[in-house]
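The values are calculated or read from the model by the stated rules, or taken from the named source; none is laboratory data. Note that the coordinates shown come from a computational prediction; the quantities given were computed from them, not determined experimentally. Positions of Cβ are backbone-derived with ideal geometry, glycine not excepted, and every protein chain shown enters the neighbour counts. Remember, those area values only see protein heavy atoms, side chains included, never the ligands or the DNA or RNA. Shrake-Rupley method; radii C 1.70, N 1.55, O 1.52, S 1.80 Å.
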Amino acid sequence: MNISDTPFLKALNKEKLNTPPIWYMRQAGRYMPEYREVRKKFKNFLDMCKEPDVCCEIALQPINKFKLDASILFSDILTIPDAFGLGVNFVENEGPVFAKPINSPIDVSNLGHFNPNDLDYVYKAVTNIKNSLPENIPLIGFSGSPWTLAAYSIEGRSSKDFSKTLNFIKANEIETHELLSKYTDACFLYLRKQVQSGADVIQIFDSWANLLNKDDLKKFSFDYIASLISALKIDPVTKNVPVILFARDPDCSSKILINTGADCISLYWTMNNFDMHASKNKIALQGNLNPKILLENKETIKKETFKLLSKYKNYPGYIFNLGHGITPDINPDKVKYLTDIVREY
Ligand code: 1CP
């Protein structure tokens, strides 16, 4: 079977399908008892990501359980800052904590050189997952966007408002651009290796796009995403690999998203006014059910899902997904129910 004949790749190629392909952001994760069972064996989450066989086992859990149309590499976006030597640890109930965050402009100039081979454990996971998947299930590789990686690296942890980061970029614009350029080059090399190892599609996560106003969003995030995508589109290894861009609630017009060069936009659940006329036949769309709907009863889930499906049913190139990741408080039975009703619609 040629991977381009699968529903997921057809949708990314802007084909209209009767039933949309389905996958979920964070489809492998804490909401699954099978995942929690494996997770128990590791103190630091990143140590688990460094075990390709474990990543493979976890990536396949939701595929086997829900028969989804695409698999996603099991890893994290913070592998790149870790490879730059910033020392990423995942602390229980706190999330990521950096041992050596970017505190001053000098830290940017002192940042080491990125060696893509330091992330061999990720490429091994890609190959293992690809070899274990049924041949008709495409595999998504991913990276964070340069901006989102920079935000974690400066903040040194997760945060509601990333105030340290926003102060830093205002005070140190030149060094911020230096950091973003280094991360853009690293993302390119990293994604290229993932494709060489078996990834069929790429997704870029700009999870902290919402921190920036219109002008800064272009300057600090989307210009770098556009240059990353254009590098992927001219490289012989990656040029035919579709790129999906997820940006959380960005302060920009639909046109700006369309013009990033991505093949598909993954819509955050609040992005209900996206200009589908402007994107039609140019770009595929993915999304965007509010993940919190999965906490409601089945009747509500069905009503909201059918409303969404009717909105996108004539759109050429539509992929069913949530507007952001599945949260740990969601019951897996609801994920099964959701998947079944999308196929039944
Ligand atoms: O303790 C645990 O079990 C760790 C929980 C967890 C999981 C399951 C983390 C920590 N990362 C992941 C896996 C993961 N992360 C995947 C693969 C799983 C899948 O989709 O099936 C992916 C694609 C990511 C990417 C990722 N990591 C993003 C981008 C996606 C998004 O949700 O916006 C981000 C922002 C991260 C950072 C991260 N990783 C983990 C935590 C706790 C955080 C911090 C989140 C925050 O800042 O609030």
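The table that follows gives values for the structure above.
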read-out: FRET efficiency, 1/(1 + (r/R0)^6) with R0 41 Å, evaluated for residue 158 and residue 281 via beta carbons; value: 0.60
read-out: Net charge over other residues, Cβ less than 10 angstrom from the Cβ of residue 320 (K, R count +1; D, E count -1); value: 0
read-out: Accessible area (Å², per residue) of segment 198-316, counting only protein heavy atoms and a probe of 1.4 Å; value: 43
read-out: Of the DSSP H helices in the chain, those whose Cα atoms cover at least 30 Å axially and whose Kyte score averages -0.5 or more; value: 173-196
read-out: Sequence of 147, 269, 208 when ordered by accessible area, the most exposed leading, probe 1.4 angstrom; value: 269, 208, 147
read-out: Distant alpha-carbon pairs in segment 156-241 (separation over 16 angstrom), percent; value: 58
read-out: Model label zone, residue 256; criterion: amide N under 18 Å from point 7 Å along Cα-to-beta-carbon; scope segment 185-217; value: 205-217
read-out: Principal axis box of segment 211-324, alpha-carbon based, largest edge first, Å; value: 46, 31, 24
read-out: Pairwise FRET efficiency - residue 189 versus residue 314, Cβ, R0 = 56 Å, nearest 0.05; value: 0.90
read-out: Gain on full stretching of the segment that runs from residue 240 to residue 331 - 0.36 nm per residue minus C-alpha separation; value: 29.1 nm
read-out: Distance from segment 17-33 to segment 249-288 (C-alpha centre basis), Å; value: 20
read-out: Accessible area of segment 159-303 belonging to carbon and sulfur atoms, whole % at 1.4 Å probe; value: 50
read-out: Overall Cα dimensions of segment 3-344 - principal axes, largest extent first, Å; value: 57, 47, 41
read-out: Theoretical ellipticity at 222 nm over the chain - DSSP helices of four or more residues, -39500 (n - 2.57) apiece, nearest 500; value: -12500 deg cm²/dmol
read-out: Long-range amide H partners of residue 144 with built H, under 5 Å; value: 205
read-out: Nearest-10 value in Å² for the accessible area of residue 173, using the 1.4 Å probe; value: 80
read-out: Relative contact order computed over the chain (Cα-Cα under 8 Å; 6+ residues apart), in percent; value: 22
read-out: Globularity ratio of segment 99-229, using Cα Rg and 2.2 N^0.38 Å; value: 1.14
read-out: Charge-dipole axis of segment 3-344 as Lys and Arg at +1 and Asp and Glu at -1 on Cβ define it, positive-most pick from 73, 131, 27; value: 27
read-out: Residue 30 - accessible surface, heavy atoms, 1.4 Å probe, Å² rounded to 10; value: 140
read-out: Point-charge dipole on Cβ atoms (K/R +1, D/E -1) for segment 3-344, about Cα centre, debye to 20; value: 880
read-out: Set of lysines near residue 219 by C-alpha distance (under 20 Å), chain-local residues within fewer than 8 positions excluded; value: 164, 170, 182, 255
read-out: Proximal aspartates and glutamates to residue 160, defined as alpha-carbon separation beneath 14 angstrom and excluding residues fewer than eight positions away on the same chain; value: 94
